[in-house]
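Here the structure is laid out as C-alpha cells; the discussion comes afterwards.
The values are calculated or read from the model by the stated rules, or taken from the named source; none is laboratory data. All of these numbers come straight from a predicted model, not from anything done at the bench. Cβ: placed from backbone, ideal geometry, glycine included. Neighbour counts: every protein chain shown. When the accessible area is computed, the model is the full protein with side chains, heavy atoms only, and any ligands, DNA or RNA have been set aside. Shrake-Rupley method; radii C 1.70, N 1.55, O 1.52, S 1.80 Å.
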Amino acid sequence: MSAEYTTFGLAPAMRAGGVLASGVFKTHRDFMDFIVDGQPLLFQLSDLDAVSPLASDVPPAIFTAEVRTLLLEAPAPLADGRCVIYACPECADLGCGAVTAVIERDGADIVWRDFAWQTSEQADLEREGYEGIGPFRFRGDVYRAELERLIAATTTDATAGPARPQRGRVLLIGARASVLRKLAAALRTIGVGADISRDAAQVPAEELRTYGAVAFGRAVPDEERAAVREAFTAAGADAAFVDGLAPVIPVLLAQIEDALHRGPRELRRLVALTAADGEAWVTVTSSCEVSVRAYRLDRIFRTHEREVFAGLLEAGEHRIPLSPGAVRGPAFLVARTVDGVLVTQVPR
C-alpha cells in the first residue's frame, strides 16, 4: 500500500433537481462532498448520479452517526469493514447501487481502499471494484478535524471550517400569484421548501435565516427589493437573491437551484453558459453528460420548449449551434448536469 499522503477536505455540493420533459422529477439534494487532493472524489467516478451520506435532509442523529462511522467511532454498516461513500440520491438503497470502500486505521493515519460499486451485502471486488481509484492515505489529525466540525455544526452555531449543509428553502416575492403558486409547487415537488410573501419586514429574524434564497419576480419594484434585502441583512441571513428572468417555471426553477448551490465554482462540473450570435457555449471541468434546453415566449406569452443538446462533453469549452426557431423572440437556455444547472438569456 502506498505511503504517499492524500489531502482530505469537505465542501458543499448539490445534486440538481428538476422536473424533466417526461414529467419525471429529480429530487434536489444538498450534501457535503469529499475533496481528495483538491478535487471532488465524485468526479473520479465517471458521471455518477449520487450523493454522500452527509446530506442536509438527514435527521441530525443519523447525520452524526454517519460522521462517527467515517471516524471509525462506530462499526462499519457493511461486511468486511465497508462504508457507503456515495448512494442513490432518491432512496439511498443499496439495491440501487452504492460506492463503498474499506475505511481503516493504519497507525495514526486513515486509509480508504478497495472502492467498489456494491449492490448487495457482499462486495465482489473482481467484478465491481473500481480500478485506479485509491487507496487514499489521509493524515489522521486533519481527517478527524474536518469531520468533527460537521458534528459541532449540528449542535452549535460554529462557523469555522465546513459546516453541515443547510437544506434548501426559498422565499418567493412577486406580483403574479399564479406564477408564484406554480413555482412553489414545482420547488416542493423536487424537495425544496418554498414560501410566498410580499413583505419580509415583519418576518422574524430567525425565520429569515432559514432561507437559502430569495427570488424576485420581474414586476417587483426596486424599492421593495431593497427593503427585502435590508431585512435579510439586519437579520444576519445569508441568502442568495435571484432576479427572475421570465415567468417560465423551468427557467425560474433552474435559476433558484443555481442560487442554492453553495459549493465553490471551481469544484463544480458545469461552470459557464453563454449565448450569442446563434450559438451557445458550455464549459465543464470534467467529462459529464450535459443537456441544454431552450425556452421561448411567443407573442401571446405561451412557453415553447426544445432540447438543443444532450450528450457527453469532455472537459473544456464547447460550442453548440442554436436553431433560429428554438430561440426566436424572448428566449432562455438552461444547461444541466447531475450536479448543477445554469441559465442564460439569449440576446435578441
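Worth a mention:
- Within the stretch 125-137, none of the residues are in contact with a strand residue (DSSP E or B) (Cβ under 8 Å, 6 or more places away or on another chain), over 22 Å from Gln39 (Cα atoms) and in a strand (DSSP E or B).
- Residue count for the stretch 221-248, restricted to those that are over 19 Å from the mean Cα position of the chain (by Cα), at pLDDT 90 or above, closer than 27 Å to Gly340 by Cβ and of a type outside the set (Phe, Trp, Tyr): 6
- Residues located in the stretch 292-328, provided they are open to solvent by less than 30 Å² (accessible area, probe 1.4 Å) and not in a loop (DSSP other than H, G, I, E, B): Val292, Ala294, Tyr295, Leu297, Gly311, Leu313, Gly316, Ile320, Gly325, Ala326
- Within the stretch 139-176, the set of residues being closer than 14 Å to Glu66 by Cα, at pLDDT below 70 and surrounded by fewer than 18 Cβ atoms within 10 Å (Cβ to Cβ) comprises just one member, Thr154.
- Among the residues making up the stretch 277-326, those that are more than 30 Å from Gln39 (Cβ to Cβ) and of a type in the set (S, T, N, Q) are Thr303, Ser323.
- All of Glu257, Glu230, Glu289 fail the test of being assigned to a helix (DSSP H, G or I) and open to solvent by 40 Å² or more (accessible area, probe 1.4 Å), apart from Glu230.
- Residue, farthest from Arg229 (Cα to Cα), within the stretch 239-254, restricted to residues that are surrounded by fewer than 18 Cβ atoms within 10 Å (Cβ to Cβ) and in contact (Cβ under 8 Å) with a residue 40 or more places away in the chain: Ile249
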